[in-house]
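Undergrad: Sending over a structure as structure tokens; questions will come in a sec.
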Amino acid sequence: MTTVTPPTPGATTEPRRVKYSTKNVDVFYGAKQALFDVSLDIHEYEVTALIGPSGCGKSTYLRSLNRMNDTIDICRVTGSIELDGIDVYSDEIDVVHLRARVGMVFQKPNPFPKTIFENVAYGPRIHGIATSKSEIDAIVEDSLTKAGLWKEVKDRLDEAGTGLSGGQQQRLCIARAIAVQPEVILMDEPCSALDPIATARIEELIDELRNNFSIVIVTHSMQQAARVSQRTAFFHLGDLVEVGETGKIFTTPDDQKTQDYITGRFG
Amino acid sequence: MVTEHIVTKFDEDLNQLDNLIAEMGGHAEHQFADSIKGLIRRDTELAEKVILNDKRIDAIEVAVDQHTISMLALRQPMADDLRVVITALRIASIIERIGDYSKNISKRTVAITQSAPVGPARTISRMGDVVQGMINTVLDAYLQRNADLAEDVRQRDEEVDALHTSLFRELLTYMMEDPRSISACTHLLFVAKNIERIGDHATNIAENVYFLVHGKMPDETRPKDDQSSYTMIDDSDKNNN
Amino acid sequence: MSNTESNHIRLVNAIYEPIRGNTTLLEAWGFYLFNQEFELEIELSEDVIDPSGTRDPATLARANYRKVVFDALLAEFPDVKSRGDKRKLRSMLSRGASFQVQKLVVDDPGLIGQRINVVVPVSSDFDLYEKGVINKDVADADRRVSDQQMIWHDTLKERGRITTSFNTTFFTSADSREPELAGIWGAVSGSFFTMIVTLLLSFPIGVAAAVYLEEFAPKNRITQIIEVNINNLAAVPSIVYGLLGLAVFINFFGLPRSVPLVGGMVLALMTLPTIIIASRAALKAVPPSIREAALGLGASRMQVVSHHVLPLAMPGILTGTIIGMAQALGETAPLLMIGMVAFIVDIPGGITDPATVLPVQVYLWADSPERAFVARTSAAIMVLLAFLIVMNALAVLLRKKFERRW
């Protein structure tokens, strides 16, 4: 008899377009190899979670997507990483412009020591997205609203960004990243420094953001990956062990290593 | 699942779950064996004992409920651990129903012994043996997480169904020949049905064991041979002899 | 006299008494902020100054003003007749007195023929006498100030002709052979111009070098060697820089000697390592998370440095710069090598005029034989110390003001 598979929660019905196509990516720090032959597709308008034990290469992979690894001298990236079909390491791509299309949010909230307004306005200014005062005001309000922070800070836009609470600071950093109108947002353990309520707010925000952005999130918490993502990739010691739909990975993974990791049989 | 969890308490909780199921299953096995024995030997004392002891099975089911809920909340089990917990919950519920059926058989035993002995004792005894074997095997299959053993149990249900169909015919024949045996035979019909249902429940447990091991339900249909639902005895023979 | 007034006077006397008559303390306190001055009624008679009546500036400049001034003093003591006595009386006047009157007349020839009151300085020996430094036990002929001169001095004082007033000359005139005319303004101007040159050279180069080394230089052996060398340069004796200045700037490039330009360049070389090291420390202290955040937004390396890192590091950089400047202000040895040890009487007007600096002025005065220069040396040291204290206080203030918590 034919079996009817009920849709897993959060799954999409039709496959999304591929935004980032990475093939055979190796990353070396000097002589030490951190990523081995990783091939992974990131789809548009969905959240892809990267999980795995410490030191497995997920942050390294994330940072090679927007060439943040360029700042480390001894780091070498080979293989093909294509954003909308163009290799990001090719000479045609301007790194500054790439990082405007692919934003990043870091583990520890790091707002600039400027006012809240200036924090969000900085990106659009340097990229020339907005020039007149009214344009900048509009972008700042829009980004802060999208980040769920507008109501809380609209009366104190000229206070220091560092005066907010941890969760608010992280939302400010997200607003700052959104303000340059990226296509992809990369998040490196964005909630690990936050309390559970702030974490829940950020997860809710991620869920809203995925309607407009493609999101890749590295997380140590499997429950968070399960809650927030539609696709999950499991990394181990520099290898991509398994990638698939989140529901499947957490109920019936194909690889034994994946199963052992998510059930807590090895760290 | 060769490796153990990093958190040993998690493994202890899972073992505790197995112990509870094993204990419950053991009780249910005994209850069934005693109920059949009581029926064959017309032993009302044994039957009374079975009726009383059903409480123990119910109590363990409550314990399993609580344990699985606590494990879901506190451990957030994933993948195979999640399946272990879910199937334990289901299997406990099935075993509790097996216990109830055994209790029902014993209740009817008390009623039957009030009239003259009648009936196809041998067939019933045969059926009881087969089903008892099924229960025993399927519990082993669960504790060993052995899907192949579980598959065997599924196949054996064919025999139980066949026995039930023939028992059904026999009892109908008895009732037609001797109207005085009708009450006893009716009770026996129900008893036969109970035993057949217990066999089905054993196969349910077997299917859950398969799910636990493989992550999906078995999709081949098992052979069902219970024709009793379609059986009619033609009483025109009697009228015509 | 009320109670508070008498207490006040008692207090002042208590402070004044230990100083008066105690030469060491005088020197130590550099008491020469106060000076003795004549108030003389001088008749600017036309026949002495400008007999021809042409009011020609050259004639006016060459007139015998000494006579004019001395006549006024003679008028106070009409019974001084003998040449010896006249000589002694004349020695009470400072040489600068006649130059002062000359300047007055040349600026305003209309004064000729009038009687005016002029305030002129007393010779420094009498200043010492007033402060009680002259040892009366020594024989009259061996002393700088004879008994007769003392009587004249006291008489003039009683008549109100000699008063004690604040020594503005010290702060407004350049160096001189006469202690009573010597001032530090020339040295201060020289120091000022030298510091300007040092600052303009060392600050931009130092900060730029620190930014390059910290942010842009690749982490290879060459960079390491440069870093080690800079650290070592900070410990090189300063006179070596003076030798370098002499050999390269003066001999090779032919720049003029003893000018603030060359002095500033030498001091800039000396201050550069200090500024570079302090700036690097300030740049290192900026947390890398700020840089990462800016890079992640798509800022270029230059934007990251100029918009984020430098503003945050600026307090530390400024503190290091001010400390470096304060060090340079007090440097003597390298400037001696490039010739700023000359006796300069003119106040420098620009960076290519010959000049001297405060520490060198202190050195020169300390070398002079006149007694009065001793205290002037101490006064100059006090001024130098005051500058240094002000600069260091500024550094502390800046640090406190801009202290931020990340």
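The values are calculated or read from the model by the stated rules, or taken from the named source; none is laboratory data. Note that the structure is a prediction, hence the values are computed from the model and not measured. Glycine gets a Cβ as well: all are built from the backbone with ideal geometry, and neighbour counts include every protein chain shown.
Undergrad: Just a yes or no: is a residue in the range C:287-303 more than 7 Å from chain A (Cβ to nearest Cβ) and in contact with a Gly (Cβ under 7 Å, 6 or more places away or on another chain)? Walk me through it before giving the result.
TA: Looking only at the range C:287-303, we keep the residues that are more than 7 Å from chain A (Cβ to nearest Cβ), and these are C:287-288, C:291, C:294, C:301-302.
Retained after the next criterion (residues that are in contact with a Gly (Cβ under 7 Å, 6 or more places away or on another chain)): none.
No, the range C:287-303 contains no residue that is more than 7 Å from chain A (Cβ to nearest Cβ) and in contact with a Gly (Cβ under 7 Å, 6 or more places away or on another chain).
Undergrad: If a residue must be within 14 Å of chain C (Cβ to nearest Cβ), in contact (Cβ under 8 Å) with a residue 60 or more places away in the chain and in a helix (DSSP H, G or I), how many such residues does the range A:132-180 contain?
TA: So the count comes out to 8.
Undergrad: Quick check on the range C:223-239. Is at least one of its residues within 14 Å of chain A (Cβ to nearest Cβ) and on the phi < 0 side of the Ramachandran plot?
TA: Here is the first cut: in the range C:223-239, the ones within 14 Å of chain A (Cβ to nearest Cβ) are C:223-224.
Still in the running and on the phi < 0 side of the Ramachandran plot: C:223-224.
The answer is yes; a qualifying residue exists.
Undergrad: Looking at B:150, B:206, B:202 in this structure, which one is among the hydrophobic types (A, V, I, L, M, F, W, C), under 20 Å from residue B:106 (Cα atoms) and touching a residue at least 60 places away in the same chain (Cβ under 8 Å)? Step through it out loud before you land on a result.
TA: Details: B:150 fails: under 20 Å from residue B:106 (Cα atoms); B:206 fails: under 20 Å from residue B:106 (Cα atoms).
Matching residue, one of B:150, B:206, B:202: B:202.
Undergrad: For the range B:215-241, give me each residue that is of a type outside the set (Ser, Thr, Tyr), within 20 Å of the chain's Cα centre (by Cα) and at pLDDT 70 or above.
TA: To start, the set of residues in the range B:215-241 that are of a type outside the set (Ser, Thr, Tyr) comprises B:215-220, B:222-227, B:232-235, B:237-241.
If we keep only those that are within 20 Å of the chain's Cα centre (by Cα) too, we end up with B:217-218, B:222-227.
Correct list: B:217, B:218, B:224, B:225, B:226, B:227.
Undergrad: Filter the range C:352-406 for residues that are surrounded by 15 or more Cβ atoms within 10 Å (Cβ to Cβ) and among the hydroxyl-bearing types (Ser, Thr, Tyr) and give the result.
TA: The answer is C:356, C:363, C:368, C:377, C:378.
Undergrad: Considering the range A:218-267 alone, what residues qualify as being in contact with a Gly (Cβ under 9 Å, 6 or more places away or on another chain), among the basic types (Lys, Arg) and within 14 Å of chain B (Cβ to nearest Cβ)?
TA: Listed by number, the list holds a single entry, A:227.
Undergrad: In the range C:330-347, is there at least one residue being part of a helix (DSSP H, G or I) and either farther than 23 Å from residue C:247 by Cα or touching a Phe, Trp or Tyr at 6+ places or on another chain (Cβ under 6 Å) (or both)? Break it down into steps so the answer makes sense when it comes.
TA: Filtering the range C:330-347 for residues part of a helix (DSSP H, G or I) gives C:333-337.
Retained after the next criterion (residues that are either farther than 23 Å from residue C:247 by Cα or touching a Phe, Trp or Tyr at 6+ places or on another chain (Cβ under 6 Å) (or both)): C:334.
There is at least one residue in the range C:330-347 that is part of a helix (DSSP H, G or I) and either farther than 23 Å from residue C:247 by Cα or touching a Phe, Trp or Tyr at 6+ places or on another chain (Cβ under 6 Å) (or both).
Undergrad: Residues being under 15 Å from residue A:24 (Cα atoms) and of a type in the set (Ser, Thr, Tyr): count how many of those fall in the range A:219-246.
TA: Qualifying residue count, the range A:219-246: 0.
Undergrad: For the structure I just gave you, tell me whether residue A:175 is at pLDDT 90 or above, over 24 Å from residue C:302 (Cβ atoms) and among the aliphatic types (A, V, I, L, M).
TA: Values: at pLDDT 90 or above: yes; over 24 Å from residue C:302 (Cβ atoms): yes; among the aliphatic types (A, V, I, L, M): yes.
For residue A:175, the condition - at pLDDT 90 or above, over 24 Å from residue C:302 (Cβ atoms) and among the aliphatic types (A, V, I, L, M) - is met.
Undergrad: Restricting the search to the range B:64-83, which residues are touching a helix residue (DSSP H, G or I) at 6+ places or on another chain (Cβ under 7 Å), more than 10 Å from every other protein chain (Cβ to nearest Cβ) and of a type in the set (A, V, I, L, M)?
TA: B:64, B:71, B:72
Undergrad: Further, regarding this structure: May I ask you to say which residue of C:269, C:244, C:283 is in the same structural domain as residue C:307 (by TED's automatic domain parsing), more than 30 Å from residue C:358 (Cα to Cα), among the hydrophobic types (A, V, I, L, M, F, W, C) and part of a helix (DSSP H, G or I)?
TA: Working: C:269 fails: more than 30 Å from residue C:358 (Cα to Cα); C:244 fails: more than 30 Å from residue C:358 (Cα to Cα).
Result: C:283 is the single residue among C:269, C:244, C:283 that is in the same structural domain as residue C:307 (by TED's automatic domain parsing), more than 30 Å from residue C:358 (Cα to Cα), among the hydrophobic types (A, V, I, L, M, F, W, C) and part of a helix (DSSP H, G or I).
Undergrad: Of these, C:268, C:278, C:313, which one is within 14 Å of another protein chain (Cβ to nearest Cβ) and modelled with pLDDT of 90 or more?
TA: Working: C:268 fails: within 14 Å of another protein chain (Cβ to nearest Cβ); C:278 fails: within 14 Å of another protein chain (Cβ to nearest Cβ).
Every option except C:313 fails the conditions.
Undergrad: Considering the range A:60-81 alone, what residues qualify as being touching an Asp or Glu at 6+ places or on another chain (Cβ under 8 Å) and more than 14 Å from chain C (Cβ to nearest Cβ)?
TA: A:77, A:78, A:79, A:80, A:81
Undergrad: Restricted to the range A:82-109, and to residues that are of a type outside the set (Asp, Glu) and in contact with a Phe, Trp or Tyr (Cβ under 9 Å, 6 or more places away or on another chain), which residue is nearest to the other protein chains (Cβ to nearest Cβ)? So that I can check it myself, show each step before the final result.
TA: Within the range A:82-109, the first condition is being of a type outside the set (Asp, Glu), and the residues that meet it are A:83, A:85-86, A:88-90, A:93, A:95-109.
Narrowing further to those that are in contact with a Phe, Trp or Tyr (Cβ under 9 Å, 6 or more places away or on another chain): A:83, A:88, A:102-103.
Working: A:83: 14, A:88: 13, A:102: 9, A:103: 7 Å.
This residue is A:103.
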